[in-house]
Amino acid sequence: MFEKLKEDVYEANMLLPESSLVIYTWGNVSGITEDRKYVAIKPSGVDYAKLTPDMIVVVDMQGKIVDGDLNPSSDLETHLEFYEAFPSAGGVVHTHSRWATIWAQAARDIPDYGTTHADYFFGPVPVTRALTEQETEEAYERNTGKVIVETFRERQINPEYVPGVLVSSHGPFTWGKNPFDAVHNAVVLEELAMMAWHAEVIHHSEPMSEIPEYVKKKHFLRKHGPDAYYGQKQS
């Protein structure tokens with residue numbers, strides 16, 4: 001019943017170390033079924049070198065295991081919060097990738113400094129507020145998801161146009177239409193984080209400005225939205 005989803009989630013997880021986004025067990029990928037009733041996710045604490053498709057854990061939307069013998073990722077509750085709040089998300093990725101995590105630890109948005117950024121993210125990649133002590137102690141992973149959703153709602157950010165976020169002091173999460181798309185966005189986010197950091201170092205003598213709004217719109221909307229024209233037409 002879940003073989004295809006488990007295989008896809010396994011393959012997407014294996015792209016994380018291949019893309020140099022994770023070391024050891026520092027990351028996870030999940031995917032959701034088309035009916036949005038079940039989520040497949042990497043098991044907790046399993047090294048990528050030992051991971052196999054049959055180890056992928058499937059849970060229902062309450063987090064109850066329906067397929068698999070291992071414990072799901074400790075970040076499961078965060079992933080579930082994404083799927084509940086963002087209906088377009090078909091896959092979710094969490095890593096501690098170096099450059100994006102640096103921005104998260106600095107508790108700073110990644111500014112939109114150039115067209116490479118604007119090709120994929122329509123505006124800054126936001127950073128959340130810090131979780132309170134009570135939020136951390138009571139339901140840390142679920143509240144991590146809630147503070148992410150809160151950030152997007154309060155700042156009126158479209159999660160389809162900005163498919164990534166930095167959790168303050170923690171690290172990045174990305175999402176996409178499926179697990180592979182979510183990994184793609186994680187790779188892009190890491191590269192943008194690296195570029196932005198170096199741009200600020202070069203431009204250290206005075207504050208930098210983000211690119212003009214009209215350039216931002218042109219680069220984002222030529223790839224996304226109803227009038228997109230980048231790439232080939234789908235037959």
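The values are calculated or read from the model by the stated rules, or taken from the named source; none is laboratory data. If you're wondering where the values come from, they're calculated on a predicted model, not measured in any experiment. No Cβ is skipped: glycine too gets one built from the backbone with ideal geometry, and neighbour counts run over all protein chains shown. Note: areas computed on protein heavy atoms with side chains; ligands, DNA, RNA excluded. Shrake-Rupley method; radii C 1.70, N 1.55, O 1.52, S 1.80 Å.
Among the criteria (1) open to solvent by 40 Å² or more (accessible area, probe 1.4 Å); (2) more than 20 Å from ALA106 (Cβ to Cβ), the one SER169 does not fulfil is (2).
Table: residues versus (1) in contact with a His (Cβ under 9 Å, 6 or more places away or on another chain); (2) on the phi > 0 side of the Ramachandran plot; (3) open to solvent by less than 10 Å² (accessible area, probe 1.4 Å); (4) part of a helix (DSSP H, G or I).
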| residue | (1), (2), (3), (4) |
| --- | --- |
| ALA139 | no, no, no, yes |
| ARG142 | no, no, no, yes |
| ILE148 | no, no, yes, yes |
| VAL165 | no, no, yes, no |
| GLU191 | no, no, no, yes |
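For the subset of the range 77-102 comprising residues that are open to solvent by less than 10 Å² (accessible area, probe 1.4 Å) and part of a helix (DSSP H, G or I), which member is nearest to VAL165 (Cα to Cα)? Ranking the candidates gives ALA100 first.
Listed by first and then second residue, the pairs linking a residue in the range 59-72 that is in a loop (DSSP other than H, G, I, E, B) to a residue that is open to solvent by 70 Å² or more (accessible area, probe 1.4 Å) and not aromatic (Phe, Trp, Tyr), with Cβ atoms under 7 Å apart and 6 or more places separating them unless they lie on different chains, are MET61/LYS37. The number of residues in the range 14-42 being without any contact (Cβ under 8 Å) to a residue 60 or more places away in the chain and in a helix (DSSP H, G or I) comes to 3. So ALA118 passes all but one of these: (1) in contact with a Lys or Arg (Cβ under 6 Å, 6 or more places away or on another chain); (2) surrounded by fewer than 22 Cβ atoms within 10 Å (Cβ to Cβ). Which condition number does it fail? Exception for ALA118: condition (2).
Of all residues in the range 191-224, those satisfying the criterion of being within 24 Å of the chain's Cα centre (by Cα) and more than 13 Å from ALA118 (Cβ to Cβ) are GLU191, ALA193, MET194, TRP197, HIS198, ALA199, GLU200.
Given the options ARG108, ARG155, name the one that is in contact with a strand residue (DSSP E or B) (Cβ under 7 Å, 6 or more places away or on another chain), open to solvent by 20 Å² or more (accessible area, probe 1.4 Å) and farther than 18 Å from VAL29 by Cβ.
On the way: ARG155 fails: in contact with a strand residue (DSSP E or B) (Cβ under 7 Å, 6 or more places away or on another chain).
The unique qualifying residue is ARG108.
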